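Here the structure is laid out as structure tokens; the discussion comes afterwards.
Please treat every number below as a calculation from the coordinates, not as lab data. The structure displayed is predicted, hence computed values, not measured ones. Note that each Cβ is placed from the backbone with ideal geometry, even for glycine, and that neighbours are counted across all protein chains shown.
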Amino acid sequence: NAGVTQTPKFRVLKTGQSMTLLCAQDMNHEYMYWYRQDPGMGLRLIHYSVGEGTTAKGEVPDGYNVSRLKKQNFLLGLESAAPSQTSVYFCASSYSGRGQYFGPGTRLTVT
Amino acid sequence: AQSVTQLGSHVSVSEGALVLLRCNYSSSVPPYLFWYVQYPNQGLQLLLKYTTGATLVKGINGFEAEFKKSETSFHLTKPSAHMSDAAEYFCAVRTNAGNMLTFGGGTRLMVKP
């Protein structure tokens with residue numbers, strides 16, 4: 001099992017550009033999540049999904065969109081990147097009642 | 001609403017010394033509690049979890065944590081620190097909705113030779 005994988009690992013964007021981060025899991029988990037991690041602020045939930053075709057907002061959803069067209073994939077989109085979105089992004093997946101399994105992260109810089 | 005407080009954003013111990021990382025939580029329902037470890041430039045790895053049953057939970061790498069309901073605490077301990085334990089540690093509590101976790105701000109553990 002590869003677990004949770006994220007693509008790409010690094011990305012540099014200019015302000016106003018768009019991009020999509022891909023998360024894939026091969027554990028047949030129902031739940032998937034996108035977080036951002038910033039120094040001194042821990043992890044903050046952006047969006048999450050409780051199953052294929054469903055998504056919901058987390059703590060900091062503004063400026064992001066998500067889609068879960070297939071159970072194993074969860075996409076995070078930035079339509080118009082801003083410097084405030086410079087961060088490390090983590091995807092995670094889980095079963096109900098279990099701990100979440102995290103991907104290796106994507107380091108995004110917006111200039 | 002659930003919340004997690006980790007006392008001490010930085011903790012420094014000598015190799016071989018006791019490791020104690022503090023976590024207090026608030027939860028309106030019986031909590032599920034977790035500790036994660038993050039090594040530099042990596043994702044978070046689950047160390048241990050408490051769901052129900054025995055309040056002393058053992059995890060990987062010699063770590064353990066004790067759920068104390070009366071103190072709303074879930075402190076992480078290890079009897080003897082190793083250099084390889086240097087990392088950032090996150091405590092988390094599960095909410096009911098969507099199996100989401102609320103994380104504490106993290107504690108960076110430094111181990112001195």
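Some observations on this one:
- All positions within segment A:46-60 that are more than 12 Å from chain B (Cβ to nearest Cβ) and more than 17 Å from A:F90 (Cβ to Cβ): A:E52, A:G53
- Meets criteria (without any contact (Cβ under 8 Å) to a residue 24 or more places away in the chain and under 18 Å from B:P31 (Cβ atoms)) for B:L76: no
- Positions within segment B:18-56 being within 24 Å of B:K69 (Cβ to Cβ), within 13 Å of chain A (Cβ to nearest Cβ), in contact with a strand residue (DSSP E or B) (Cβ under 7 Å, 6 or more places away or on another chain) and hydroxyl-bearing (S, T, Y), in sequence order: B:Y32, B:Y36, B:Y50
- Residue check for A:L43: of a type in the set (A, V, I, L, M, F, W, C), more than 7 Å from chain B (Cβ to nearest Cβ) and out of contact with any helix residue (DSSP H, G or I) (no Cβ under 6 Å at 6 or more places or on another chain): no
- Segment A:49-92: number of residues that are free of Cβ contacts under 8 Å to residues at least 60 places away in the same chain, assigned to a loop (DSSP other than H, G, I, E, B), over 25 Å from A:D26 (Cα atoms) and touching a strand residue (DSSP E or B) at 6+ places or on another chain (Cβ under 8 Å): 5
- Whichever residue in segment A:10-40 is touching a Lys or Arg at 6+ places or on another chain (Cβ under 7 Å) and within 11 Å of chain B (Cβ to nearest Cβ) and, among such residues, is surrounded by the fewest Cβ atoms within 10 Å (Cβ to Cβ): A:F10
- Residues that are assigned to a loop (DSSP other than H, G, I, E, B) and out of contact with any His (no Cβ under 7 Å at 6 or more places or on another chain) within segment A:93-111 comprise A:S96, A:G97, A:R98, A:G99, A:Q100, A:G103, A:P104, A:G105, A:T111, listed in sequence order.
- Of all positions in segment B:82-94, none carries a residue that is away from chain A (no Cβ under 14 Å), of a type in the set (S, T, Y) and part of a strand (DSSP E or B).
- Of all positions in segment B:5-17, at least one carries a residue that is more than 10 Å from every other protein chain (Cβ to nearest Cβ), touching a Cys at 6+ places or on another chain (Cβ under 9 Å) and under 29 Å from A:H47 (Cβ atoms).
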